[in-house]
Amino acid sequence: MKHLTVIALLACVAGLQAAPAKTPKKGKLVPAEAVKAAEARQSEFYERVEIPTPAGEVCEVGSIALLPSKKVAIGTRRGDVWVVEGAYDADLSKVKWTKFASNIHEPLGMFWKEGSLFAMQRPEFTRMTDRDGDGRADRFETICSKWGVSGDYHEYAFGSDPDKDGNVWAVFCLTGSFHSHAPWRGWGAKITPDGKFIPVASGIRSPGGIGANGEGDVFYTDNQGVWNGSSSLKWLRPGSFQGNPTGNKSYALADFPAPPEPQSGSRILTERLKHPAFVPPAAFLPHGKVGNSPSGVGCDLARGKFGPWQGQMLVGEQTASQVQRVALEKVNGLYQGAVFHFLGGFEAGLVPVRMDQEDGTLFIGGTNRGWGSRGSKPFTFERVRFKGRTPFEMRAIAAKLDGFEIEFTHPVDAAAAADVENYALDTFTYIYQSSYGSPEVDQTEPTVKSAVVSADGLRVRLVVDGLVRGHVHHLVVTDVKSKSGETLWHTEAWYTLNELPTSVTSLKLPPVPVDLSL
Amino acid sequence: MRPSSLLALLTSAALLSAAEDGAQVYNTLCAACHGPDGKGLNGLPPLVGSEWPKGPAERSIKIVLNGMTGPVEVAGMTYNIDMPPQGAVLSDEKIAAALTYVRDKFAGGAGAVTPAQVAAVRAQTTKRATPWTAAELLNAHPFPPAKTALKNLVGMMYQGEWKTLPDFSALKPALMEDFNAGVIDPAQSGLKDHFAMVWTAQFEAKEDGKYNFVFDCDDFGALYVGGERIAEIKGIGPVGGRRKEVPVILKKGLTPIRLEYVEFAGHEVVVLGYKGPKDKEIKWLSKTKANAPKPRVSIPIEAKDGVAAIYRNFIDKTTPRAIGIGFPNGLNLAYSADNLAAELIWTGKFMDGGHHWTDRGAGNEPPAGTNVIKLSDGPGVALASGEGSVVRFDRKGEGKEWTFSAVKVAAEFKGYDLDAAGNPTFRAAGEGVSLTDAWIPEAIAGKPGLRRTLKSEGDRPVTVVLARDLTSEGADGATVLGGSLSLRALSGPQPKAADKLLTVTLKPGETVVLGYSFR
């Protein structure tokens, strides 16, 4: 064999044996191991505690509400509503559970207001009141039941807390998660205090939770499936089409503008540029790596009591039994941002996520009935508290026209942080299609050209060659320590780059429609 | 470098990355349910010990491409959980790699799967939009017949009509045959009715120990092990209720076994199985595998301490917005918040939460009691004159061309109050209409009953449907509905019957009191 040919073949072999391009050049961590390593460090920063549930009772937690006097209300999948006393105490042996209501229809979203407990049940939004003070609800008022319920188990309804106008936002899962066999399945709506049903957005598939950020904008998680290449956190912008046309027919029930009929096999960016009402996911939760079955949506507004995450979203993940952290920003009028792994090791699959903003305690509830989860217990009720020691983390990532700016929680070691070799970027997107899910496609590998550390050491400005609008940008940071020598708790981020910040934008979002109530 | 080693290097590199890929795909996407060890997580189906990933690659490929739905038996347990499709997420190469990994690691080396095989199945199933059911897959790709512990199985068929076991020694068989597969099946007689079969075989015990035999017949029979009759099913009837489970101590090796069976008429079924000392699940010796109505989890919901039980969920034979109430005196009600009507009344047990509170809880659950009377369907409240003010959208039509149809009804559901004994007062309201509908358990004409008080406020008369499409006859001063439910008008306006529709009309401010009891 000729010499040159042998060398060519050897090079070919070397190419075959090279790991896929996603791993950083210097990094040695494979994502799954990295996640496990980070979970092991969790107790340095956060304390996770299981709150005992009443003996012999099945408490598959679907809703958590905060009540006055440090009481907490739990709604279960069997429909029981319990009031818990002592959930905040250091000594959990005294926790007391009192049943408030039995067997209501799967409440997913509960809150306390004006002496009553409000619950978004599968068939209706209900106000429950204990008028005679015996600890049990005796008045159940149906505030709104305008949406269709056909008897399919997948037709879940999730409800938010009231907004500043007292309206509650709800999202309605598709029938069987594939069809829309009843009015408003696949839609989001707001419900006024006197029970008016106002459709706000179409295009939803299978939510797992809903919650607002500090600005009062409402977000929900939507699970991977038809028209959803991967699960994501979406902005429920009034007047928008959220991507799934299955429920479109319902627009005929009210004077809502007809939602678009998008092209299958395309890309979200392509289709949304054709249809201005189409608002893209704020943050993809890449399937299998981050999101599998995302659920509850919360926001850290505890002003430091839960860590340096003021304003950031907390998203429950049922399958992996985790809470992930999403740092969003608004660019050209659209939300986008980065998802980071955050908390893990919970005992069952997470559903509700409830932050006590005054106290800084995060409550989570879990169940794994019917869907698998890493946490092996059939149900759980837990709380998480910040121990006070700020982890060294990427706090947030801001998109720039020519790169990203990473904000860290502690000043970085300047030499390592300025080394472009310590940052690896790869991008991908999903096919926007009517079939179930999508592989990652259109992969690219941008180049980090420079990394400039700010004077205070808290920010690193990356100049990147090869950003792709519409793609998820996966960033892995290796060997960057803080000035005091700490390693990063989590080293990966996935930033959904819907828009590139420009001073001039051609993006026109439709106006928010005038309320049309039923 | 010599060409042959280079080739080896190239090949192993390709294989290595494929194997890694398979494990990685499995651990990322499949292990969440099937477990990193293939044994199933949290009560989800295992791959280890399952027939499903074995055998024809096609079956496994179909499952991965399109998912599965509905009940499926895996390693002796029944599951009813949806498996999401992965065809749109994974390439042929990734599916082939993952299945090769699964079949190697969990399915006893069932053989690799190639991307070409995946591509072929994908091409055949492009039109498939919904997940597969177990029946569809097993129809196309059945499991191999099991090799049973019955050696030298011989079946003898006798013709005749018997209502008890005959003395077979006095009879001559019409047919006698070897059944080498070692599987007992009444179809081997070639007849449907009026026949008997006697099967004899050597039962092979793999080790010393206790063997629990499961035996059942339609119609009747007897089982002998080691020459001794260990179980008998008597009389004409179906399998299920008379099933026998009998332990026998056996020594390792062969023991004679004999099964006598008689089919009088109707269905012909023989169930024979056993669990040896090391078996986790029943091993079947008959064609019919009858897993004991798998302890369908039962979670009885009943009134307690004099307080009525309540159950809001999908109750069978009424609408999705159903509210069940189980009173302490044994009477039960299902109210439809869609139709604003008491739609079902029954006696006995209230509800079993086991269906909805297990797995994903799909479907409707029927009342757990007996004597279920369906009082009505359709709107339960109407204005005595004129159209209602509340718009309701129903779905009309089937398939892709369905539309919404708007219906105007008199009122909508406003909720309910519960008193200290859990007794409900349902509320409905619409323009000019406000109705309360209260139910209390009470003795009615000496029988356990329910006292119903309807009260109307507002500015116009409202008509309440009491029964629709039910036989109704007068007896003992009451209207008897459906042959067994007595309805008495205790005070207020009298119900009116017309054309199988029983209604009562209330003027604003009027109250009607009715008493319901079972005869």
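The values are calculated or read from the model by the stated rules, or taken from the named source; none is laboratory data. Remember, predicted model here, so these are calculated numbers, not experimental data. Cβ atoms come from the backbone with ideal geometry, glycine included; neighbour counts cover every protein chain shown. Side chains are part of the model used for accessible areas, which takes the heavy atoms of the whole protein and leaves out ligands, DNA and RNA. Shrake-Rupley method; radii C 1.70, N 1.55, O 1.52, S 1.80 Å.
The table for this structure:
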| item | result |
| --- | --- |
| Average other protein chain Cβ within 10 Å of Cβ, residues B:358-365 | 3 |
| Whole-Hz ³J(HN,Hα) from phi, Karplus 6.51 cos²θ - 1.76 cosθ + 1.60, for segment A:244-259, glycine and proline x | 9, x, 4, x, 3, 3, 5, 4, 5, 7, 9, 7, 7, x, 4, x |
| Dipole magnitude of segment A:107-207, debye to nearest 20 (Cβ charges: Lys/Arg +1, Asp/Glu -1, about Cα centre) | 320 debye |
| Residue A:359 long-range amide H proximity, modeled H, under 5 Å | none |
| Among B:230-238, A:419-427, A:206-214, B:160-168, the order from most to least packed when residues are scored by Cβ within 10 Å on average | A:206-214, A:419-427, B:230-238, B:160-168 |
| For residue A:473, distant residues with modelled amide H under 5 Å away | A:495, A:496, A:497 |
| Chain B - Kirkwood radius from inverse mean 1/r over Cα pairs (Å) | 28.4 Å |
| For segment A:232-378, alpha-carbon Rg relative to the globular expectation (2.2 N^0.38 Å, N residues) | 1.18 |
| Nonlocal amide H pairs with residue B:286, under 5 Å, H built at 1.01 Å | B:184, B:272 |
| Helix-only [θ]222 nm of chain B, DSSP H runs n ≥ 4, -39500 (n - 2.57) each, per residue, nearest 500 | -4000 deg cm²/dmol |
| Projected-area average for segment B:3-140 over all orientations - Cα convex hull basis, square nanometres | 8.6 nm² |
| Kirkwood Rh, Cα atoms: Rg over Rh of the protein assembly as shown | 1.01 |
| Those residues of segment A:122-154 whose amide nitrogen sits under 19 Å from the label point placed on residue B:405, 7 Å along Cα→Cβ | A:148-151 |
| Segment A:340-442 - convex hull of the alpha-carbon atoms, volume per residue in Å³ | 203 Å³ |
| Dipole magnitude of segment B:150-284, debye to nearest 20 (Cβ charges: Lys/Arg +1, Asp/Glu -1, about Cα centre) | 540 debye |
| Two-site label geometry, residue B:246 and residue B:457: point separation in nm, points 7 Å out along Cα→Cβ | 7.0 nm |
| For chain A, calculated [θ]222 nm from helices alone, where every DSSP H run of n ≥ 4 adds -39500 (n - 2.57) | -2500 deg cm²/dmol |
| Difference of contour (0.36 nm per residue) and Cα-Cα distance, residue A:252 to residue A:401 | 49.5 nm |
| Estimated vicinal HN-Hα couplings, Hz - segment B:163-172 in sequence order (Karplus 6.51, -1.76, 1.60; Gly, Pro = x) | 10, 9, 5, x, 8, 5, 5, 8, 10, 10 |
| Computed label-point distance, nm, for sites residue B:37 and residue A:94 using a 7 Å Cα→Cβ extension | 4.2 nm |
| FRET E, pair residue B:473, residue A:390, Förster distance 60 Å, beta-carbon r, rounded to 0.05 | 0.15 |
| DSSP-loop trypsin sites (Lys or Arg not before Pro) across segment A:223-326, with at most 12 other Cβ within 10 angstrom | A:303 |
| The protein assembly as shown, dipole about Cα centre (Lys/Arg Cβ +1, Asp/Glu Cβ -1), debye to the nearest 20 | 900 debye |
| Heavy-atom accessible area, 1.4 Å probe, ligands and nucleic acids excluded: residues of segment A:83-109 down by at least 40 Å² from chain alone | A:103, A:105 |
| Ratio of Rg to Rh over segment B:272-378 (Cα coordinates, Kirkwood Rh, two decimals) | 1.15 |
| For segment B:294-519, convex hull of alpha carbons as volume per residue, Å³ | 142 Å³ |
| Selection from B:189, B:273, B:179 lying farthest towards where the dipole of segment B:150-284 points positive, charges on Cβ | B:273 |
| Members of segment A:132-152 that become less accessible by 20 Å² or more once partner protein chains are added (1.4 angstrom probe, chain alone as reference) | A:138, A:139, A:140, A:142, A:145, A:146, A:149, A:151 |
| Above-threshold pairs, the threshold being 19 Å between Cα atoms, out of A:330/A:387; A:71/A:113; A:289/B:105; B:210/B:278 | A:330/A:387; A:289/B:105 |
| Accessible surface of segment B:365-519, 1.4 Å probe, proportion on carbon and sulfur as whole % | 50 percent |
| Translational diffusion of segment A:183-230, µm² s⁻¹ [Kirkwood Rh, Cα pairs; Stokes-Einstein; 20 °C; 1.002 mPa s] | 177 µm²/s |
| Highest average packing first - B:455-462, B:312-319, Cβ atoms within 10 Å | B:312-319, B:455-462 |
| For segment B:366-467, diffusion coefficient by Stokes-Einstein and Kirkwood Rh (Cα), 10 °C, 1.306 mPa s, µm²/s | 99 µm²/s |
| Exercise: per-residue mean of other protein chain Cβ atoms within 10 Å, B:297-308 | 1 |
| Solvent-accessible area of residue B:412 with every protein chain in place, 1.4 Å probe, in Å² to the nearest 10 | 50 Å² |
| For segment B:479-516 versus segment A:144-161, the gap between their alpha-carbon centres in whole angstrom | 34 Å |
| Dipole axis of the protein assembly as shown (+1 Lys, Arg; -1 Asp, Glu on Cβ), positive-most option in A:254, A:341, B:25 | B:25 |
| Rounded FRET efficiency, nearest 0.05, which uses the C-beta distance separating residue B:112 from residue B:283 and R0 of 22 Å | 0.15 |
| Extension reserve of the residue B:135-residue B:230 stretch, reckoned as 0.36 nm per residue once the Cα distance is removed | 30.7 nm |
| Viscosity 1.306 mPa s, temperature 10 °C, Stokes-Einstein D of segment B:150-284 from Kirkwood C-alpha radius, µm²/s | 106 µm²/s |
| FRET efficiency for residue B:421 and residue A:419, using Cβ-Cβ distance with R0 set to 56 Å, rounded to 0.05 | 0.15 |
| Surface/4 estimate of mean projected area, convex hull on alpha-carbon atoms of segment A:112-205, nm² | 6.2 nm² |
| Hits among aspartates and glutamates - C-alpha to C-alpha of residue A:400 under 15 Å, sequence gap 8 or more where chains match | A:329, A:465, A:499 |
| Accessible area (Å², 1.4 Å probe, nearest 10) - residue A:430 | 10 Å² |
| Number of partner chain Cβ atoms within 10 Å, mean per residue of A:281-292 | 1 |
| Computed label-point distance, nm, for sites residue B:501 and residue B:93 using a 7 Å Cα→Cβ extension | 6.8 nm |
| Backbone HN-Hα couplings from phi across segment B:297-302 [Karplus 6.51/-1.76/1.60, Hz, Gly and Pro as x] | 3, 10, 10, x, 10, 9 |
